[in-house]
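In what follows, a structure is listed as structure tokens, so that the remarks can point back to it.
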Amino acid sequence: MVIHFLLSQASTGLSVWVKPVLPKGSVAVAFLYVREDGGPFLAKYKLTDLGLNSTSGYSIQEVFQSKTLGNYKPQQTFSCHVNPTGVYLIKATPLGDSDVTMDRQMLMWEKIKRRHDKFQKKKYKFGHIKHKSHLQGFTKNSKQ
């Protein structure tokens, strides 16, 4: 079973994708910055907000350059700069024997995913559009 979820900050253009990877208890985290203007965006998240809660902590590596960024405890904040239209990809691997079972971690990810889905439903609720048929005939290239 593959689980991934998204945390997004619509106002900033940053979205965060988290997915379990091997070895057991590890996750890949992608910070995606979709804005085209301005400079790099400073992304800051507590590891617990990303679903990482092993009390022994995590070793975090930047994936593209295979650079070790250090060891972090779940209460600590991880921060990185993401360039416009760029991606910053990390892998968090539990230190020592992971005291977090995959089942417990998946339950937490499901809870965060439900919270995100609830947010997305509120974000895209349009009271003035009652049915999809109101949008028929409007395409990107329509000349009306």
Check on T77, within 16 Å of the chain's Cα centre (by Cα) and in contact (Cβ under 8 Å) with a residue 24 or more places away in the chain: yes
Options D37, D49: the member that is assigned to a loop (DSSP other than H, G, I, E, B) and not aromatic (F, W, Y): D37
Number of the exception - V63 against (1) within 17 Å of W17 (Cα to Cα); (2) surrounded by 12 or more Cβ atoms within 10 Å (Cβ to Cβ); (3) touching a Ser or Thr at 6+ places or on another chain (Cβ under 8 Å): (3)
Which numbered condition L89 misses (of (1) in contact with a His (Cβ under 8 Å, 6 or more places away or on another chain); (2) modelled with pLDDT of 95 or more): (1)
Neighbours by Cβ (under 6 Å, 6+ apart or cross-chain): first from region 40-59, farther than 11 Å from T93 by Cα; second acidic (D, E) and at pLDDT below 90: T55/D99
Sole exception among (1) in contact with a Lys or Arg (Cβ under 9 Å, 6 or more places away or on another chain); (2) at pLDDT below 90 for L47, by number: (2)
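The values are calculated or read from the model by the stated rules, or taken from the named source; none is laboratory data. Computed from a predicted structure; not experimentally measured. Reconstructed Cβ throughout: ideal geometry from the backbone, glycine too, with neighbour counts over all protein chains shown.
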